[in-house]
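The values are calculated or read from the model by the stated rules, or taken from the named source; none is laboratory data. Just so we're clear, the structure is a prediction, and the values are computed from it rather than from any experiment. Here the Cβ is made from the backbone with ideal geometry for all residues, glycine too, and neighbour counts use every protein chain on show. Heads up: the accessible areas ignore ligands, DNA and RNA and are worked out on the full protein's heavy atoms, side chains in. Shrake-Rupley method; radii C 1.70, N 1.55, O 1.52, S 1.80 Å.
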Amino acid sequence: MSDVMHETDSQYRTEIREGMRVEWDVPIEMDDGVVLRANVYRPDADGEYPVVMSYGPYGKDLHFEEIYETCWDLMCENHPDVPAGSTNIHQSWEVADPEKWVPNGYAIVRVDSRGAGRSPGYLEHFSPRETRDFAACIEWAGGQPWANGKVGLSGISYYAVNQWQVAELKPKHLAAICPWEGFNDFYRELSYHGGIYSSFQRHWYDKQILPIQHGYGERGFRSRANGEWAAGPETLPDEELVANRFDLHGDFISHPLDDKFYAVRTPDLSKIEVPVLSCGNWGGAPLHPRGNFNGFMKSSSKDKWLEVHGLEHWSLYYTDYGNDLQMRFFDCFLKGDDSGWKDQPRVSLNVRHPGEKFVRRGEEDWPLPRTRWTRFYLEPKGQLLSAEPPGGEAAITYEAIGDGLTFVSNPVESETEITGPMAVKLWVSSDTRDADVFVILRVFSPDLKEVVFHGALDPHTPVASGWLRASHRKLDPARSEEWAPFHPHDEVQPLEPGEVYELDIEIHASGVVVPKGSRFALSVRGCDYVYPGEPDSGLSNMKNAFTGVGPFLHDDTEDRPADVFENNVSVHIGPDRAGYVLLPIIPPK
């Protein structure tokens with residue numbers, strides 16, 4: 001982009017502040033003529049710098065606190081290193097703070113995606129058009145006179161999801177990606193969990209997207225850093241805003257099977273070849289971290305690493321821990337300096353213990369090669385989890401809208417680690433044509449009080465969860481492992497009331513150390529897990545109070561009509577129907 005073009009652009013301006021050269025609303029023209037807007041933060045000195053880029057819809061000029069005030073307050077209270085060493089005037093949701101990167105010789109580029117923030121155009125999230133735009137922005141940045149030709153991608157959630165997408169396209173200047181808690185299967189992780197629709201995206205759209213759609217303008221927020229309208233510069237009427245965006249909820253709920261609508265968004269992970277640092281969260285189900293584990297396992301990159309942590313979805317990314325981890329990775333692949341990265345273990349786990357205690361440990365691969373895959377069978381007598389298959393036969397019925405059934409282990413004789421992917425096998429019948437089955441792995445203290453954990457969003461989460469609509473029970477054997485059953489979700493196979501059906505259910509990978517004397521348990525129910533305590537008030541960017549699953553509720557009455565899913569379900573147990581939960585037991589090194 002030439003200086004002449006900058007000078008003739010009414011939105012573009014530049015200044016030196018906070019020790020950086022800051023360029024606002026830099027124009028980047030797409031192949032169809034739409035001009036996207038970016039902010040560039042770089043050292044105010046001649047030189048060629050590696051680029052760390054983010055591209056997405058949350059507003060490059062929107063201050064973190066505007067929509068996400070409770071998230072900011074919690075982060076700063078729990079992690080005082082986040083606000084330290086920065087004026088925080090450039091802090092934005094789920095992207096890097098340039099004040100902590102530019103002094104280390106990086107150029108930070110933030111791009112408002114098409115139709116969001118300061119970038120005009122039609123807003124269609126995660127679409128092929130967005131991905132092509134992202135690739136074009138990478139090529140633009142890599143070719144700038146202040147760039148060294150290498151672009152790395154950084155960011156949380158949305159800014160991680162589209163990294164998987166654009167890496168498949170292989171833009172030539174893309175040198176490394178660090179997707180932090182980002183899914184890559186649009187059907188199984190975002191929209192339909194085991195074939196059950198999640199109302200999350202509908203509420204997410206209303207709270208986090210609409211107030212920053214391009215053209216919201218004067219009805220929205222001013223940038224604290226530059227005084228401009230974060231969703232401007234123009235203010236458009238409502239009917240024009242509606243015409244300029246797709247109907248996210250309407251489109252997603254009208255595609256209940258895994259069809260072409262999802263296929264054009266879901267990347268082929270095997271085509272990703274750039275270096276990858278995939279960072280996941282133990283408590284991120286169902287939206288995260290399945291994608292981080294699968295991205296690590298299935299990408300073709302010869303240089304790839306997995307890191308797993310806990311606590312809030314957004315916090316650790318901004319901490320000294322998160323910045324150091326990413327900076328060492330990018331130093332290696334954007335600067336050619338491997339001095340801080342050469343000893344990084346291929347898999348780095350912050351092993352989770354009750355009480356939000358974490359112990360860091362290096363591993364060789366994922367799933368952990370020394371895993372002892374262990375079946376714990378459903379024993380109807382006393383509703384236990386047993387090492388032995390059941391000897392007798394039983395059918396236990398529960399109301400789908402109730403608490404369901406819980407099978408509990410004996411107290412563990414020594415500290416026991418459960419880390420990795422999990423699966424459940426059940427035989428069930430329903431008194432209607434379908435059944436939604438929710439399976440939850442839980443931990444109980446010696447006095448049988450439930451031990452919960454701070455999830456990525458909800459502060460009171462169980463260890464792990466899985467879901468399956470029984471009419472979606474068909475498996476794809478070629479893509480399944482015993483510890484990771486894969487359902488194609490390409491047809492509906494209704495149940496015959498009273499008939500017994502075999503179900504294989506994936507539980508999203510997680511990890512926990514169960515203390516000596518405590519118990520683990522499996523709950524089987526027909527609705528979302530509910531924390532047996534007071535609900536949390538939630539977050540300012542979410543609509544609902546948190547009752548154990550955060551915003552990831554499965555409560556859409558269109559998807560779950562009462563006459564079908566407020567039913568009675570029976571779990572059938574016997575020598576020929578030995579239901580079990582398969583757990584990854586990790587022996588000490």
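Of note:
- Annotation: amide H-H contacts under 5 Å for residue 147 (H modelled 1.01 Å from N, sequence separation of 5 or more, or interchain): 49.
- Listed by chain and number, the aspartates and glutamates placed with their C-alpha closer than 17 angstrom to that of residue 381 are 393, 576; residues fewer than eight positions away on the same chain are left out.
- Counting 0.36 nm for each residue step from residue 48 to residue 297 and taking away their Cα separation leaves a gain of 86.3 nm.
- Rounded to 10°, Cα long-axis angle of helix 158-169 versus longest principal axis of the chain: 80
- The distance from the alpha carbon centre of the stretch 187-236 to that of the stretch 508-547 is 27 Å, rounded to a whole number.
- Heavy atoms of residue 373: accessible area, 1.4 Å probe, square angstrom to 10: 90
- In degrees, nearest ten, helix 128-142 long axis to first principal axis of the chain (Cα): 50
- A simple rule links phi to the HN-Hα coupling: the Karplus curve 6.51 cos²θ - 1.76 cosθ + 1.60 with θ = phi - 60°, which for the stretch 286-293 gives x, 6, 9, x, 3, x, 5, 5 Hz, with x for Gly and Pro.
- Going by accessible surface with a 1.4 Å probe and the largest first, 288, 173 read 173, 288.
- In order along the stretch 318-324, the Karplus-derived 3J(HN,Hα) couplings, from 6.51 cos²θ - 1.76 cosθ + 1.60 at θ = phi - 60°, round to 8, 6, 4, 4, x, 5, 5 Hz, and Gly and Pro are given as x.
- Under the Karplus curve 6.51 cos²θ - 1.76 cosθ + 1.60, θ = phi - 60°, whole-Hz ³J(HN,Hα) for the stretch 265-279, x wherever Gly or Pro sits: 9, 7, x, 7, 4, 5, 8, 7, 10, 6, x, 10, 10, 9, 10
- Charge tally for residue 504 (other residues, Cβ to Cβ under 15 Å; Lys, Arg +1; Asp, Glu -1): +3.
- Shape of the stretch 145-197, Cα gyration tensor, a/c cut at 1.5: prolate
- Principal axis dimensions, largest first and in whole angstrom, of the stretch 3-73 by Cα: 43, 34, 24
- Measuring between alpha carbons in the structure, the pairs from 170/474; 150/342; 357/474; 172/357; 60/543 lying more than 31 angstrom apart are 170/474; 357/474; 172/357.
- Sparse-neighbourhood loop sites, GluC sites (Glu not before Pro) in the stretch 379-413 - DSSP loop, at most 13 other Cβ within 10 angstrom: 393, 413
- Overall dimensions of the stretch 245-333 by Cα: Rg and Dmax, Å: 15.9, 45
- For the stretch 461-589, the spread of Cα coordinates along the three principal axes comes to 47, 42, 28 Å, biggest extent given first.
- Length-normalised contact order for the stretch 316-458 - Cα pairs under 8 Å, 6+ apart - percent: 14
- Residue 475 accessible area, 1.4 Å probe, all protein chains in place, Å² to nearest 10: 60
- Dipole of the stretch 433-531, positive direction: furthest Cα of 466, 454, 524, with charges on the beta-carbon: 454
- On full extension, the segment bounded by residue 353 and residue 365 gains 2.2 nm, given 0.36 nm per residue less the C-alpha separation.
- Antiparallel DSSP beta bridges within the chain, as percent of all bridges there, nearest 5: 75
- Dipole magnitude (debye, nearest 20) for the stretch 65-199, charges at Cβ of Lys, Arg, Asp, Glu: 780
- The helix-based estimate of mean residue ellipticity at 222 nm for the chain, built from -39,500 (n - 2.57) per DSSP H run of four or more residues and divided by its residue count, is -4500 deg cm²/dmol to the nearest 500.
- Applying 1/(1 + (r/R0)^6) with r as the Cβ-Cβ distance of residue 240 and residue 496 and R0 = 51 angstrom yields a FRET efficiency of 0.50.
- Span from the the stretch 246-287 Cα centroid across to the the stretch 56-76 one, whole angstrom: 24
- Shape parameters for the chain, alpha-carbon atoms, Rg then Dmax in Å: 24.3, 83
- Computed with a 1.4 Å probe on the full set of protein chains, the accessible area for residue 540 sits at about 40 Å².
- The chain, relative contact order [Cα under 8 Å, separation at least 6], %: 15
- Under the Debye formula (equal points on every Cα, no solvent term), log10 I(q)/I(0) of the stretch 548-589 at q = 0.31, 0.34 Å⁻¹: -1.03, -1.12
- Sequence of 377, 318 when ordered by accessible area, the most exposed leading, probe 1.4 angstrom: 377, 318
- Sequence-distant residues sharing a close amide H with residue 538 (under 5 Å, placed H): 546
- For the stretch 295-399, the Cα gyration tensor yields ellipsoid semi-axes of 41, 17, 12 Å (square root of five times each eigenvalue, largest first, whole Å).
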